[in-house]
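Here is the structure we will look at.
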Amino acid sequence: MFDVAVIGAGVMGCSTALFLARAGMKVVLLDRGAICREASGVNAGTLTMQMTRAALIPYALRAHEMWLRMPEWCDGGHVLATACPGLSVAFTEHEAAMLEERAHFRRQAGAPIELVTPARAREIEPGLSERVIAAGHCPIDGFTSAYLTGRAFRPALLNAGVELREDCAVQGIAPGFVLETAAGTVQAKRIVLAGGVWLQDMAAWLRVTLPIKVLINQLVVTERMAPVMRTVLGVASGLLSLKQYANGSVLIGGGWQGIGDRARGGLAVKPESFLGNVRLAAHAVPALRDARVLRAWLGLEAETADALPAIGPIPGIDDAWIIGSVHSGYTSGPYLGKLLAQAICGQAPELPLFPIDRLLAQEKAA
Amino acid sequence: MSYDIAVLGGGPAGMAAATEAAQRGARVVLLEESAAPGGQVYRAPPSGFIGPVDADRRAGDALRAALLASGAELRTGCRVWGVGGGPLVPQREPAAPFRLDALDSDGRSFAMEARALVLCCGTHERIIAFPGWTLPGVLGLAAATILLKAHGVLPGRRVVVAGAGPLLYAVAAKLLKAGAEVAAVVDLAHRTEWLRALPRLAARPDLLAQGLAWRATLVARGVRVIAGAGVTAARGDEVLQAVQVEGAWIACDALCIGHGLVPATEATRTFRAAHRYAPAEGGWVPVLDADQRCSVPLLYTAGDGAGVRGAAAAPASGRVAALAALHDLGLLPDHAAARVAPARDLARAAKAGGAMARMMALRPALVRAIPPETIVCRCEGVTRAEIEAACADGAADMNQMKQFTRCGMGPCQGRICGETAAELVGMHCGGREKAGFATGRLPLRPVPMDALLGEFDYADIPVPKPAPI
Ligand SMILES: Cc1cc2nc3c(=O)[nH]c(=O)nc-3n(C[C@H](O)[C@H](O)[C@H](O)COP(=O)(O)OP(=O)(O)OC[C@H]3O[C@@H](n4cnc5c(N)ncnc54)[C@H](O)[C@@H]3O)c2cc1C
Ligand SMILES: Cc1cc2nc3c(=O)[nH]c(=O)nc-3n(C[C@H](O)[C@H](O)[C@H](O)COP(=O)(O)OP(=O)(O)OC[C@H]3O[C@@H](n4cnc5c(N)ncnc54)[C@H](O)[C@@H]3O)c2cc1C
């Protein structure tokens, strides 16, 4: 009998499991595949305040710090987290207005974003196009190599005593938190659902209806090239994220949508999204015209009805918890897992959770 | 541009498939990245290049002539980087057409559509890592043939030819003809392996005669043939100077080496078709029915890309695939009768080809012998020790190993290191089937951004609606 079973080993499940185990609980962490191979291992790894929803800025700021200091709290595990300035740019008057409005909200939430002139923006980012008419600058930004996430968490989880079961899909939950898997049952006193876009299916095991929308996000990476940029770059609408890694490759993202679904994963890029995304990137950093595109892939991101997170107790079922559906959830992930672990251990979390009652009520009303 | 059938790859399989389909009245396009169709074995010499007219040349010329007369549209110098549509577009009735994106010979990107797609992408060469394999002067047997056949260029003055399979003797014989000195032929197969294959090879007397002729050339010229041995190391000061065989160093300025051929499955993996691991056929191959149909509708694979069976079987399998595609599109009234002859040819040729393919299958002992500090993934500089450390850290399949190490993330996308790496992962996780393969993704080949972008206005970019604040 475990104290807690955490279902889903993405960044949310891993950090929750780690902090629960460190608080003295006997934890089992189950994933149907390998650790951090879904959203948490294939995302763009941008640690940006300028794409994060305003309500999440306080969490993201704390998590940003955690990523940069990951080796200190994760037994040396790291994701090559790199701090750099972030710029969000506008090419049209309409975008400039959007930029100003959004910077205002995020500044109120605690992100140190200042609006700068195009000339100043190009001092910060010499690779930037002449066509930029306004920019938001946030000195707190950065990125990671998200593909390292599983490798970074795994030893710390094991050291903390977490029992990690990969390739072990949970198929259902019988009363008394008896988890059914192909390899037999697992019982725990408490459960945490941390299933990314599959949270909807997991909630259904408990007869809870929680609609989760699936976004099929596309990413494109180039071959290594000489330095063309040194910031994390976005656009006012949030539909571009661009940075160059130390090895010279440039990662182009921003949430353009591809083809796929919950059952089959991310299947294929849509030609118009592929072209649109790389054109937008090259519009922002003209030197990208000389790049060669190496690979494009897709990952699945979860979104609730109000696009705010689902983190907290599951109403009506004692000792059942949920965590996920966080916009820019990679950025905030380690801190949110820590918060949920605090709540599960009976402490008052440092910052409020995002209880899901609101989402269930909406569902009933509809 | 819209077609009934698109054929990807203009080797013998693709040429025959396109010819068959076009002769029977379908609108067909054949896409080939080289300047002329021919593929690996029948690679066309450049225009104005007067090479020897051997059996290969004649067979290749016959396929090319039939293709030109068939009415199929031929697009050479056309590198296909994108495949999509078809089964990847969910729930469309009738099925969405396939879409191919390609760079034309001027480097511009263009798209076309087809109702059915026949993949004839051939193979990549397998080169199992060994100390020094990344030195300039070490090249694949395939690369050596391209130099010889298409450019009339020698890879070196004094060459060692090593590895497995009949290609060894073909390359050595061609090197001699072209004026190089062949320091040694180092064949992993023992003589007994060749003897065991003989009865099956006898199904194709023409090929057998060709093989014997190559051997005779080597004997006549006094070339040393070392059987049952391999190159264990290469050394040199910046460029290759010598290779090690059975403990002794042989001086040379080029090493042509290949450990067999691996079916090119990037496209079938991209379409999420079912695959099976068939080491005797070269590795992972798409699951096919008797008519070369993949597990997803209107997608076919023929030639060595469907499992290595050699150049003689390739045209027959191409024709079988084309006939199935015509039938599935409702363009062929009497499929049963039409397929009899090519299916028979295929069965016969596959027998001899299969015996050859088995000799070129991966030899796990080579992988086990790789020293820990030897680089396996040259694009990303990942060593055997690093791959095994990732396995010890819990990477139990190719995709996770790749995430943990970057092995296979570089420009070759695992085409060169994939076999060695998969074998290493398989040793740790319980076999190649468990190790699996890297997910297929676009582009099939790196694409210059400039070719994709074209000229555009900012207003034309279909930027989706902003994310919520
Ligand atoms: C392409 C892409 C780019 C992104 N870019 C960024 C970015 O730059 N910055 C940022 O902050 N955020 C980004 N995000 C968002 C971020 O990746 C996610 O918010 C975050 O990783 C979600 O973590 P998770 O743990 O909730 O979900 P996941 O990582 O998806 O984990 C869920 C886990 O549950 C497991 N599971 C599912 N069903 C079962 C079952 N039945 N039994 C057991 N286990 C099961 C899955 O296998 C999976 O491992 C991006 C997302 C995508 C897809
Ligand atoms: C170096 C070498 C020498 C060989 N010599 C002999 C021999 O002497 N005798 C013998 O019997 N067999 C030989 N073989 C085996 C023989 O080449 C194959 O059995 C035969 O070529 C298989 O035919 P195919 O049509 O399946 O593939 P291939 O001949 O390999 O043709 C595949 C074609 O597809 C094209 N292609 C692939 N991907 C794309 C893309 N994305 N866009 C555009 N075009 C693409 C390639 O350019 C290529 O022309 C040799 C193989 C090699 C590698």
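The values are calculated or read from the model by the stated rules, or taken from the named source; none is laboratory data. Computed from a predicted model, the values in this text were never measured in an experiment. Neighbour counts run over all protein chains shown; Cβ positions are idealised from the backbone, glycine included. Heavy atoms of the whole protein, side chains included, go into the accessibility calculation; ligands, DNA and RNA do not. Shrake-Rupley method; radii C 1.70, N 1.55, O 1.52, S 1.80 Å.
Cβ-Cβ distance of B:Asp61 and A:Asp167, R₀ of 56 Å, FRET efficiency by 1/(1 + (r/R0)^6): the value works out to about 0.60. Across segment B:127-259, C-alpha contacts under 8 Å between residues 6 or more apart give a mean separation that, scaled by the residue count, equals a relative contact order of 38 percent.
Would you jot down the residues in segment B:390-435 that end up with at least 50 Å² less accessible area in the complete protein assembly than in the chain alone, with a 1.4 Å probe? Output list: B:Asp393, B:Gln400, B:Gln403, B:Phe404, B:Arg406, B:Gln413. Axis angle, to the nearest 10 degrees, between helix A:149-159 and the longest C-alpha principal axis of chain A: 30 degrees. In this Cβ point-charge picture (+1 for Lys and Arg, -1 for Asp and Glu), the protein assembly as shown has a dipole of about 1900 debye about its Cα centre. Solvent exposure of segment B:370-435 amounts to 34 Å² per residue of accessible area, where only protein heavy atoms count and the probe is 1.4 Å. Would you mind pulling out the separation of the Cα centroids of segment A:177-233 and segment B:136-180, in Å? Segment A:177-233 and segment B:136-180 have Cα centres separated by 51 Å.
With a cut-off of 17 Å on the backbone N, the residues of segment B:137-168 near the modelled label site 7 Å out from B:Arg224 along Cα-Cβ are B:157-163. Its Cα gyration tensor gives segment B:370-435 an equivalent ellipsoid; the semi-axes, largest first and in whole Å, are 16, 12, 11. Here the alpha carbons of the protein assembly as shown define both size measures, Rg and Dmax, at 28.8, 90 Å. Accessible surface area normalised per residue over segment B:127-259 is 43 Å², counting heavy atoms of protein chains with a 1.4 Å rolling probe. Any idea what the relative contact order of chain B is, in percent, if you count C-alpha pairs under 8 Å spaced at least 6 apart? Dividing the mean separation by the residue count of chain B yields 17 percent.
Can you give me the C-alpha center-to-center distance between segment B:401-463 and segment A:34-107, rounded to a whole angstrom? After rounding, the separation between the Cα centres reads 26 Å.
Chains B and A together bury some 4800 Å² of accessible area, summed over both sides, with a 1.4 Å probe. Computed 3J(HN,Hα) for segment A:114-130, one whole-Hz value per residue from the Karplus formula 6.51 cos²θ - 1.76 cosθ + 1.60 where θ = phi - 60°, is 10, 7, 10, 6, x, 5, 5, 4, 6, 5, 5, 10, x, x, 5, 5, 5, glycine and proline marked x.
Which percent of the accessible heavy-atom area of chain B goes to carbon and sulfur, probe 1.4 angstrom?
Details: 10250 of 18540 Å².
C and S atoms contribute 55 percent here.
Which whole-number percentage describes the relative contact order of chain A, with Cα contacts under 8 Å and a sequence gap of 6 or more? Write down the numbers at each step before the final one.
Values: 876 pairs, mean separation 86.0, N = 366.
Here the relative contact order equals 24 percent.
Could you work out what % of the accessible surface of chain A is carbon and sulfur, using a 1.4 angstrom probe and leaving DNA, RNA and ligands out of the count?
Values: 7010 of 13040 Å².
Of all accessible area on chain A, carbon and sulfur atoms account for 54 percent.
Membrane-span-like helices of chain B, defined as complete DSSP H segments with a Cα extent of 20 Å or more along the helix axis and a mean Kyte hydropathy of at least -1.0, are identified as B:55-70, B:205-220, B:313-328, B:335-359. Charge dipole of chain B (Cα centre as origin; +1 on each Lys and Arg Cβ, -1 on each Asp and Glu Cβ, all else neutral): 1280 debye, rounded to the nearest 20.
Could you compute the longest span of chain B free of chymotrypsin sites (Phe, Trp or Tyr not before Pro) located in DSSP loops and having at most 14 other Cβ atoms within 10 Å, not counting the site residues?
Numbers: sites that count: B:Phe49, B:Phe456.
Between the exposed loop sites, the longest stretch runs B:50-455.
Note on A:Arg120/B:Glu113: beta-carbon distance plugged into 1/(1 + (r/R0)^6) with R0 of 51 Å gives a FRET efficiency of 0.60. Sites counted here are trypsin sites (Lys or Arg not before Pro) in a DSSP loop (not H, G, I, E or B) having no more than 16 other Cβ atoms within 10 Å; the longest part of chain A that contains none of them is A:265-366. Over chain A, DSSP H runs of length four or greater, each weighted -39,500 (n - 2.57), average out per residue to a 222 nm ellipticity of -9000 deg cm²/dmol. Shape of chain B from its Cα gyration tensor (a ≥ b ≥ c, root eigenvalues): rounded if a/c is under 1.5, otherwise prolate when a/b > b/c, or oblate? Cα axes put chain B in the oblate bin.
Taking the protein assembly as shown as the region of interest, the number of lysine pairs whose Cα atoms are within less than 24 Å, with members eight or more places apart or on different chains, is 13. Net charge of the neighbourhood of B:Gly394, taken over other residues with C-beta under 13 Å away and scored Lys/Arg +1, Asp/Glu -1, is -2. Per residue of chain B, the DSSP helices (runs of n ≥ 4 H) give a summed -39500 (n - 2.57) that works out to -10500 deg cm²/dmol at 222 nm.
Counting Lys +1, Arg +1, Asp -1, Glu -1, what net charge surrounds A:Tyr59 among other residues with beta carbon under 15 Å of its beta carbon? Working shown, then result.
Values: positive: A:Arg53, A:Arg62, A:Arg106, A:Lys338; negative: A:Glu65, A:Glu350.
It works out to a net charge of +2.
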